[in-house]
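Heads up, the thing below is written out as structure tokens.
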Amino acid sequence: MVIYLKSIFTDAGNLILFTTRFFREIVKPLFETHEFIKQCYVIGYKSLPLVAVTGFIMGLVLTLQSRPTLSKFGAESWLPGMVALSLIREIAPVITALICAGKVSSGIGAELGSMKVTEQIDAMEVSAINPFKYLVVTRILAATLMIPILVVFADAIGILGGYVGFNIHSDVNMVRYNAQVFESLDFIDIFPATIKTFFFGFSIGLIGCYKGFTASNGTESVGKAANSAVVLASLIIFIIDMLAVQITDLFF
Amino acid sequence: MKLPKNHILPDNDAPIIEIKNLYKSFGKDNHVLKGLSFFVKKGENLVVLGKSGSGKSIAIKCLVGLMQADNGTINVFGKDIAKLDETGLNEIRLRIGFLFQNGALYDSMSVRENLSFPLMRHSSSLNPIEVDKAVIDILTSVGLTEAIDKMPSELSGGMKKRVGLARTLILKPEILLYDEPTTGLDTITSREISELILSIQQKYKTTSIIITHDMACAKQTSDRIVILKDGIVNAEGTYDALENSHDEWVRSFFI
């Protein structure tokens, strides 16, 4: 038990040092623009199909599941607004972040872990190239920027899914549906929810990089790095979400 | 073709690399280096022998700052590695090439990109045509021009080592560190790599430390050999001298 607790605190300490190093390296000159753009493409563009499918299903299922309850109270017309609010405020950010934790964080963990094990990171270092700046900073920044964009995309696709779900039992045109959606939305529904997605993105990139970059030697550690990156990133997403909801509740 | 060794070392040459009383431990009980000391003179090929776990690779990783020694000094080009800041260490690293055991090629890059990547970083004045020419030149010198657009996964073990060597040579290092350059290769490819090590030394006038278990490679490439045992240098001399040593343990390497 003591050893287990010690390893948790050691890991937490190392993660803090790793994060500090990230903020130190980010301000140093020579920004890796090319690698950053490449990572934006990998993290953002390549995740679009997965996020689109999940976003659509989220909207569709939420509409279908909520309709019977709202029908009982004769409040079926609230359905588009309720679905949009649920998606934008909570469901799309969290589900998209969790999907990206599975896809992006584990991918980064496995990639960097494999590079570590096969001495590619060492090779970079002995060539006087800063591997932290080239591999870690670019990936964390790309994830921080791309996850919010993916969430906005998931919001839009989710609302579209809601429209399809709504029309299974009703007949509402797109313009009317969208009018109902935007009538129910306010600035405070979108702003805090979008801000928290930057933190989701940051933690997804950070945890993936930390687990991969600190993988011990041996092929087994590559699998462990990928696996623990998903678990820890998912846990941190829930913690950030809880904090974000509390803070939003205080100020808005 | 076996190339003749034509580098005779004057005794008064100051060492270009000097390791003194190097200690390195992992955990409380695993003491790998226990006061390791040796030197390498300019233009010399030093082969380091020793059983697995004797600390050969650890020593050269300390030399390029990939690991921190617990105690002792490492002087390279007259500078103490431990006292250098990041910029100073990178300046030294640019003068040292490191060939990793498996080549350590970047998986996501083609051979061309693997070679141009460090060059573009450190020679920003070169335009893409000049970079490409340098890549082709260096690949020609290791005999692998046909593999320029291949990915590392498409290369054999020997080809990976050649490309790895080309990648270190492209920055024109003065010192080359080889970590088991012939391990995992067949006899013919091993001999080709050993010949390549010699030809590179003669062409680029480099100083080398070669860590190996391959006695044919040691015989072919060494000017001098040090044998490590229990984290210190146990024997030192030329290949012929050590082969005829009175020490049975030393002779056991040459059987």
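Roughly how tilted is helix A:2-26, in degrees to the nearest 10 and between 0 and 90, from the longest Cα axis of chain A?
Taking the Cα atoms of chain A, the angle to A:2-26 is about 90 degrees.
Which percentage, to the nearest 5, of the DSSP beta bridges contained in the protein assembly as shown is antiparallel?
55
Which residue, B:G78, B:G27, B:G50, has the most motion in a Gaussian network model of chain B that connects Cα atoms within less than 10 Å?
Largest GNM mean-square fluctuation: B:G27.
Kirkwood Rh over Cα pairs of the protein assembly as shown into Stokes-Einstein at 25 °C, 0.890 mPa s: D in µm²/s?
It comes out at roughly 94 µm²/s.
Could you please state, rounded to a whole Å, how far the C-alpha centre of the range A:174-215 is from the C-alpha centre of the range B:44-75?
49
How many angstrom lie between the C-alpha centres of the range A:96-126 and the range B:131-151?
Value for the Cα centre distance between the two parts: 28 Å.
Using the alpha-carbon atoms, what tilt in degrees (0 to 90, nearest 10) does helix A:48-72 show relative to the longest principal axis of chain A?
Helix A:48-72 and the main axis of chain A meet at about 40 degrees.
Looking only at B:L115, B:L139, B:L89, which one moves most when chain B is put into a Gaussian network model with springs between Cα atoms under 10 Å?
Judging by the Gaussian network model, the answer is B:L89.
With bins 10 Å wide starting at 0, give me the P(r) of the range A:34-251 over every alpha carbon pair, in whole percents.
9, 30, 29, 18, 9, 4, 1
Please identify the chymotrypsin sites (Phe, Trp or Tyr not before Pro) of the range B:175-255 that satisfy two criteria: DSSP loop assignment and at most 14 other Cβ atoms within 10 Å. Which are they?
Hits after loop and neighbour filter: nothing returned.
Are there any helices in chain B, counted as whole DSSP H runs, that stretch 24 Å or more along their axis by Cα and score at least 1.0 on average by Kyte-Doolittle, and if so which?
Membrane-span-like by this rule: not one helix.
For the range A:34-251, what relative contact order do you get, as a whole percent, if you take Cα pairs closer than 8 Å and at least 6 residues apart?
It comes to 37 percent, rounded to a whole number.
Quick note: the coordinates plus some simple rules give every number you see, no bench work behind them. Small disclaimer: the values here were computed from a predicted structure and weren't measured. Because the Cβ atoms are built from the backbone with ideal geometry, glycine has one as well, and the counts that use them run over all protein chains shown.
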